[in-house]
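Below is one structure; the comments refer to it alone.
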Amino acid sequence: MLLKQTPPKRRQMISLTPLIDVVFILLLFFMLSSTFMQWRQIDVSSPSESDTEEQQLTHITLLSNEGLVQVNDQTFLTTDLQALNAIVNDNSNAVFVIQVENGLHTQSMINLADALKTAGAKAVTLAGIE
């Protein structure tokens, strides 16, 4: 009696090419969608009592999210670098105390502190909530 035997089916190998393509596409996606920002740290110190006796305090009030500030009855924008540099140069050893009006964004306060440090302020601190 003749039996027909079919050869056993060979298992097909899984191709790795599509897998590698998907991995590269994901890699490209995450590389292109990531933001590469330079993170900086702003040193905000609280003056001690001995510091305040030796140094004067210059109060800066942030009035709006657009960067409107008030210093010694002068009102200007933080983008006005000449006015900001003049205030920092006039009070070179002062401690700049930032007071923020209610309802303003934290980012606008950070922008003001950053602008003060860029203008050359040696000490910047935040006013306490009253």
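Find the residue count for the range 43-67, including only residues that are at pLDDT below 65, out of contact with any Leu (no Cβ under 9 Å at 6 or more places or on another chain) and either in a strand (DSSP E or B) or of a type in the set (S, T, N, Q) (or both). Talk me through it step by step, then tell me what you get.
Looking only at the range 43-67, we keep the residues that are at pLDDT below 65, and these are 43-54.
The next check asks that each one be out of contact with any Leu (no Cβ under 9 Å at 6 or more places or on another chain); those that pass are 43, 45, 48-54.
This time we only want the ones that are either in a strand (DSSP E or B) or of a type in the set (S, T, N, Q) (or both), so: 45, 48, 50, 52.
Matching residues across the range 43-67 total 4.
Suppose we keep only residues that are in a helix (DSSP H, G or I) and of a type in the set (Val, Ile, Thr) within the range 85-122. Which one would you say is surrounded by the fewest Cβ atoms within 10 Å (Cβ to Cβ)?
Thr106
Write out, first by first residue and then by second, each pair whose Cβ atoms fall under 9 Å of each other, whose residues are 6+ apart or on separate chains, and whose first residue, in the range 28-42, is modelled with pLDDT under 85 while the second is among the small types (Gly, Ala, Ser). Correct list of pairs: Ile42/Ala113.
The values are calculated or read from the model by the stated rules, or taken from the named source; none is laboratory data. No experiment lies behind these values; they were computed from the predicted model shown. Please note: Cβ atoms are built from the backbone with ideal geometry, for glycine as well, and neighbour counts cover all protein chains shown.
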